[in-house]
Amino acid sequence: MLKSGYKKKIIAFITAIVLSFSSGTAMAEGVDNISVSEKASSTDLGELNYWYSNTDRISHWETPRRIYVHNLSTNDDFDLEKYVGFAIYQWSSKAGISCSLTGTESNHSIHFYGGLEDQLVEVGAFADCSHVNGKCHSTASVKGTYTYNGVSKTGKVTTYSKIVLVEKSNPRTDIAYSKTAAHELGHALGYAGHSLTKGDIMYTSSVHNTTDALTSQDINHLKQVY
């Protein structure tokens, strides 16, 4: 039989392994997933003046953001291009981070899907679109490290993003869909995690948004890395 001391060490080792494979988070408004090259970089990217996210990472693009809109809905009232247009106006005109509806099916950097959950899953947009209003998945690589108030923040460069806006059988309003589109586009442009302020578009749930437009916090947090 194993001695008590050895048993405790074995149990602690097994517990550590289980925990290392079971971590994860779920977001109400949208899931911000980023596939990254996690190779450490010692490059100093400079000092940041703002930080409103609940994560320690932020990303930006170094190539044009060309959006391709792919509406799967058969409902004429679900106007995906209108919602994406609102999102582009917010980030391009108000925040000064350019992006456009110039992408095509074969040449784009951001693929923006819209439709019912089963439609989105069927075309392979995401394996699961339940319990969210939208999702974003981006491919990015580590570029270096920013500093904010003496704290290190990982800086990344995004090269591709996929977004879904989920049409609900119990319809949401146009402005609700538009705000979610703006939220998810914010993730695609590099806003990792979520704001801690309920009034921000980049807060985790649009239910608590008290504004129909980007706030100064939304803008300042992301614009500083462009």
Quiz item: Which condition does residue 115 not pass, out of (1) at negative phi; (2) surrounded by 14 or more Cβ atoms within 10 Å (Cβ to Cβ), if it passes all the others?
Solution: (1)
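One line per residue, one yes/no per condition, for (1) surrounded by fewer than 24 Cβ atoms within 10 Å (Cβ to Cβ); (2) of a type in the set (A, V, I, L, M); (3) in contact with an Asp or Glu (Cβ under 8 Å, 6 or more places away or on another chain); (4) not in a loop (DSSP other than H, G, I, E, B):
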residue	(1), (2), (3), (4)
132	yes, yes, yes, no
144	yes, no, yes, yes
152	yes, no, yes, yes
157	yes, yes, yes, yes
163	no, yes, yes, yes
179	no, no, yes, yes
218	no, no, yes, yes
222	no, yes, no, yes
Exercise. Evaluate the following for residue 73: is it surrounded by fewer than 19 Cβ atoms within 10 Å (Cβ to Cβ), of a type in the set (Gly, Ala, Ser), over 17 Å from the mean Cα position of the chain (by Cα) and within 18 Å of residue 135 (Cβ to Cβ)?
Key: yes
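Among the residues in the stretch 178-193, are any closer than 19 Å to residue 121 by Cβ, hydroxyl-bearing (Ser, Thr, Tyr) and modelled with pLDDT of 95 or more?
Scanning the stretch 178-193, I find at least one residue that is closer than 19 Å to residue 121 by Cβ, hydroxyl-bearing (Ser, Thr, Tyr) and modelled with pLDDT of 95 or more, so the answer is yes.
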Quiz item: How many residues does the stretch 183-201 hold that are within 18 Å of residue 97 (Cα to Cα) and in a loop (DSSP other than H, G, I, E, B)?
Solution: 5
Self-check item: Residue satisfying condition, being at pLDDT 95 or above, more than 14 Å from the chain's Cα centre (by Cα) and surrounded by 23 or more Cβ atoms within 10 Å (Cβ to Cβ), within set 122, 167
Solution: 167
Exercise. Count, please, the residues in the stretch 203-226 that happen to be within 16 Å of residue 165 (Cβ to Cβ) and in contact with a Gly (Cβ under 7 Å, 6 or more places away or on another chain).
Key: 1
Self-check item: Test result for residue 151, β-branched (Val, Ile, Thr), modelled with pLDDT of 95 or more and more than 16 Å from the chain's Cα centre (by Cα)
Solution: yes
Quiz item: Which of the residues that make up the stretch 142-165 are over 13 Å from residue 45 (Cα atoms) and touching a Ser or Thr at 6+ places or on another chain (Cβ under 8 Å)?
Solution: 158, 159, 160, 161, 162, 165
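The values are calculated or read from the model by the stated rules, or taken from the named source; none is laboratory data. Everything numeric in this text was worked out from a predicted model, so none of it was measured. Because the Cβ atoms are built from the backbone with ideal geometry, glycine has one as well, and the counts that use them run over all protein chains shown.
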